[in-house]
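A.B. asks: The structure's right below; bear with me while I get my questions together.
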Amino acid sequence: MGGSYDAWNSAHVIATIVIGFTALVAFILYETYVPLKESLIPIYLFKNIPWVSAMMGVALDASVYYAFAIVWPTVVFSVYAASLSYGGLLCCVTGTGTNAGQIICGLLCRRIGEQRTQMIVTGIAMGGFLAAYACATPFNHITAAVCLFLGTTFMGYMDTVVGLAGSMRSTVSTIAQVIYTTILINRLQRTISQEVPGNLIAAGPPASSVPSFLAAIQVGAPPFAKVQGLTTAIEAVGIAAYKLEAVHAYRTVFYSTIAFSTLCIIFAFFAPNVDDRMTDDIVVKLHQGKDEEIGEK
């Protein structure tokens, strides 16, 4: 990933981006100009603005789940979790909220009607609650978890309202995941290196112990014994400073969700209403009762 394991100008990162982009362009050209008997992705669909808006809404919506299924556990175990079991429970917030939203949508979507309006309202609510996570501190993990739960609940609702989405979800979610994690890694590197050393040195240990402390805090308690001049009180100061600056970095990630939420809301304005298709009609019946077959043998 650019900016973390490899620099953005490294051959690994550049080659991956160039090859991926080239393959995508080649696939589009192939689907557009090669006379295929049956296209994998009918390109003419992308001329249908309501369809594109609905699919992009789904894709942007899903990017929240896939990205924060990675980011949120990182928050939990670097800032909040005091035990593995409690941290595991907190990590369930993203998936639980998504599933709750999907269930609620299944119960209410048809009864409420006006799917476009539902997408707009839930998109605004999703963006608001995810951005509200920026109020998080190292000491209010319940508030942070509630904001994330409500945000992903509205995301799950919106995702179910819309219902070729898989490929678009995967593509957009991958992009969002890279953006979120890159912001997080770069922000952590900057805030931790700028703020934690000063607080740690002010507590007493020599400056030479800072690198070993920052390395140890990524692993846990045993390596702290190898940090020169570290006492229990100094360790507590260092850990508190690390958690505070880590939260500041995570806030930036959640602020970045505003951009994705805004795009999602814009697409929602162009999405279609499908009230006229929410019927009990069955287009094709394969069986009548238990045994009698209606379909052609």
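The values are calculated or read from the model by the stated rules, or taken from the named source; none is laboratory data. As the structure is a computational prediction, the values presented were derived from the model and not from experiment. Ideal geometry is used to build each Cβ from the backbone, glycine not excepted, and the neighbour counts take in all protein chains shown.
A.B. asks: Considering every residue within the range 12-28, establish whether at least one is modelled with pLDDT under 80 and of a type outside the set (A, V, I, L, M).
C.D. replies: No, that holds for no residue.
A.B. asks: Looking at Ile142, Ile179, which is the one that is surrounded by fewer than 20 Cβ atoms within 10 Å (Cβ to Cβ), modelled with pLDDT of 85 or more and more than 19 Å from Ser53 (Cα to Cα)?
C.D. replies: Of the residues listed, the single one that is surrounded by fewer than 20 Cβ atoms within 10 Å (Cβ to Cβ), modelled with pLDDT of 85 or more and more than 19 Å from Ser53 (Cα to Cα) is Ile142.
A.B. asks: Which residues, counting only those in the range 1-28, are farther than 30 Å from Arg187 by Cβ and surrounded by 11 or more Cβ atoms within 10 Å (Cβ to Cβ)?
C.D. replies: Within the range 1-28, Phe27, Ile28 meet the criteria.
A.B. asks: Kindly establish whether Gly156 is more than 18 Å from Ala259 (Cα to Cα) and in contact with an Asp or Glu (Cβ under 6 Å, 6 or more places away or on another chain).
C.D. replies: No; evaluated as a whole, the condition is false for this residue.
A.B. asks: For the range 174-204, what are the residues that are touching a helix residue (DSSP H, G or I) at 6+ places or on another chain (Cβ under 6 Å), of a type in the set (A, V, I, L, M) and closer than 20 Å to Val79 by Cα?
C.D. replies: Within the range 174-204, Ile183, Leu184, Leu188, Ile192, Val196, Leu200 meet the criteria.
A.B. asks: While we're here: Within the range 99-113, is there a residue that is surrounded by fewer than 22 Cβ atoms within 10 Å (Cβ to Cβ), more than 30 Å from Asn273 (Cα to Cα) and over 13 Å from the mean Cα position of the chain (by Cα)?
C.D. replies: Looking for residues that are surrounded by fewer than 22 Cβ atoms within 10 Å (Cβ to Cβ), more than 30 Å from Asn273 (Cα to Cα) and over 13 Å from the mean Cα position of the chain (by Cα), one finds none in the range 99-113, hence no.
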